[in-house]
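The values are calculated or read from the model by the stated rules, or taken from the named source; none is laboratory data. Note that the coordinates shown come from a computational prediction; the quantities given were computed from them, not determined experimentally. Reconstructed Cβ throughout: ideal geometry from the backbone, glycine too, with neighbour counts over all protein chains shown.
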Amino acid sequence: MRILVTGSSGHLGEALVRTLSSAGHDVTGMDIKPSAFTRVVGSVDNAESVRACMRGVEIVYHAATLHKPHVATHSMQQFIDTNVSGTLTLLQAAQANGVGAFIFTSTTSVFGDALRPPAGTPAAWVTEGVAPIPRNIYGVTKLAAEDLCLLFHRKHAVNCIILRTSRFFPEQDDDKLKRDRYADDNAKANEFLFRRVELEDVVSAHIAAAGRAPELGFGKYIISATTPFLPEDLPGLNADAAAVVRMRVPGYADIYARLGWRMFEKIDRVYVNAAARRDLGWRPGYDFAYILEGLKTGAYPRSRISALVGSKGYHDRVFEDGPYPV
C-alpha cells in the first residue's frame, strides 16, 4: 500500500514511517526538515510538492504541524500557513487523487479554556462532546483544520478521521513549577491517569483509524491512555487527587513512596478515550496500571518505538527558562 506521512521528521511522523515501512508499505515521508525518514523535503502548503507526493497514495497520515511550543517563536501567519493552508492543500490533493483515508493528527489543546474548571468545582470530564474554546493560535488553527476535514468529507466524500491526541512527547514539561516539584518520570506517570498517551498507542490509533475510515467516513476521537477514573470522581479530583487515586488504584501509594514520588495535588481534567476504543477498535496498551507494573522492577516502561524515536525538541536553540518559551 502506498502511504504519505507528513511531518515525518517529527516524533509521531518518524514513528509512523518506521512502523508502516516495517509492515511492508511504500511510505513517502514529507517534512520541511531532512531526516532518514523523510523522502521529500518540502512544506505541506506547497501545492506542487504535495501534488507530486500524492500520486498513487491510498492513505494520508497528516502529522505535520506547528505545535504549542512554537507559539512564542512563530507568527500567527506561520501557524495559519502550516496548520490551515497546509491542511487545505493536502485535502485538495487527496480529493483529486481519490485517497481512501485521510487521518488528521489534531490535539486535545483545541479544548483550551473548556478544561479549566474553577477551584472548588469538579474536574472536567472530556469527551468528544465538549465544545472547544481554543486559548491560543495553535488551538485555533488546529480546530480550523478539523473543520476543513469535515468540509471535504461533506462536500467531496473524502474519508477523514480526526485524532485529538493528548501528550506523548518525551520532552520536559514547559511548566517550571511542575519541573521544580516533580521528577520528570514522576510527572509523566501521573499524567497517564488523565492526559498522557504512549507513542506506540498513538501510532496504533492512527493505523486503526485508517482501517475504519472507509466505513466511518468521518469522526473525531480523543486519543489518550484509558483512565481509571469515573465521572463520580470529578469533585474529588479537583480538590484532593491523591485520595481519589488511592481509592481507584490502591497499590500506587507504596510504589510512589519507595521512589520518593508524589501525586499531583489536583487534577482538573480527565480525557476519555471510550469512543476511540469503541468505533476504531483501538486497544491502547499503556495506562497508569501498566506504568506501575514497570515501576515495581525499578524501570519506567517506555515502548520500543518511543525509545527508537527518542527526544527531538521543538527548536534549534536552547532557552534559559525551559524546553521552550511560554
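Below are the figures for this structure:
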| quantity | calculated |
| --- | --- |
| Residue among Ser43, Ser8 that is part of a loop (DSSP other than H, G, I, E, B) and under 18 Å from the mean Cα position of the chain (by Cα) | Ser8 |
| Residue within the range 252-271 that is more than 24 Å from Lys178 (Cα to Cα) and either among the charged types (D, E, K, R) or part of a loop (DSSP other than H, G, I, E, B) (or both) present | no |
| Tally of residues being of a type in the set (S, T, N, Q) and surrounded by fewer than 18 Cβ atoms within 10 Å (Cβ to Cβ) across the range 102-142 | 3 |
| Looking only at the range 175-216, and only at residues there that are out of contact with any Lys or Arg (no Cβ under 8 Å at 6 or more places or on another chain) and part of a loop (DSSP other than H, G, I, E, B), the one that is nearest to Leu16 (Cα to Cα) | Phe192 |
| Options Tyr300, Tyr256, Tyr290, Tyr314; residue that is within 17 Å of Ala189 (Cα to Cα) and at pLDDT below 95 | Tyr300 |
| Some residue of the range 134-142 being farther than 17 Å from Thr105 by Cβ and not polar (S, T, N, Q) | yes |
| Leading residue by the ranking (farthest from Pro170 (Cα to Cα)) among those in the range 12-27 that are surrounded by 23 or more Cβ atoms within 10 Å (Cβ to Cβ) and of a type outside the set (D, E, K, R) | Val27 |
| Filter result (in contact (Cβ under 8 Å) with a residue 40 or more places away in the chain and β-branched (Val, Ile, Thr)) within the range 97-139 | Val99, Ile103, Thr105, Thr107, Thr108, Val110, Thr121, Val126, Thr127, Ile137 |
| Within the range 123-144, considering residues that are touching a Leu at 6+ places or on another chain (Cβ under 6 Å) and assigned to a loop (DSSP other than H, G, I, E, B), the one farthest from Gly285 (Cα to Cα) | Pro134 |
| Residue selected from the range 259-285 under the condition closer than 16 Å to Val245 by Cβ and surrounded by fewer than 21 Cβ atoms within 10 Å (Cβ to Cβ), by the criterion farthest from the chain's Cα centre (by Cα) | Leu259 |
| Hits in the range 199-224 - residues which are more than 14 Å from Ser166 (Cβ to Cβ) and either small (Gly, Ala, Ser) or at pLDDT below 95 (or both) | Ser204, Ala208, Ala209, Ala210, Gly211, Ala213, Gly217, Gly219 |
| Any hit, the range 190-208, residues being of a type in the set (S, T, N, Q), within 23 Å of Leu12 (Cβ to Cβ), touching a Ser or Thr at 6+ places or on another chain (Cβ under 9 Å) and in contact (Cβ under 8 Å) with a residue 12 or more places away in the chain | yes |
| So Asp147, is it in contact (Cβ under 8 Å) with a residue 24 or more places away in the chain, of a type outside the set (Val, Ile, Thr) and not in a strand (DSSP E or B) | no |
| Some residue of the range 28-36 being surrounded by fewer than 19 Cβ atoms within 10 Å (Cβ to Cβ), without any contact (Cβ under 8 Å) to a residue 12 or more places away in the chain, among the charged types (D, E, K, R) and not in a strand (DSSP E or B) | no |
| Where a residue in the range 154-178 is of a type in the set (Phe, Trp, Tyr) and its partner, wherever it lies, is surrounded by fewer than 15 Cβ atoms within 10 Å (Cβ to Cβ) and outside any loop (DSSP other than H, G, I, E, B), with Cβ under 9 Å and at least six apart | none |
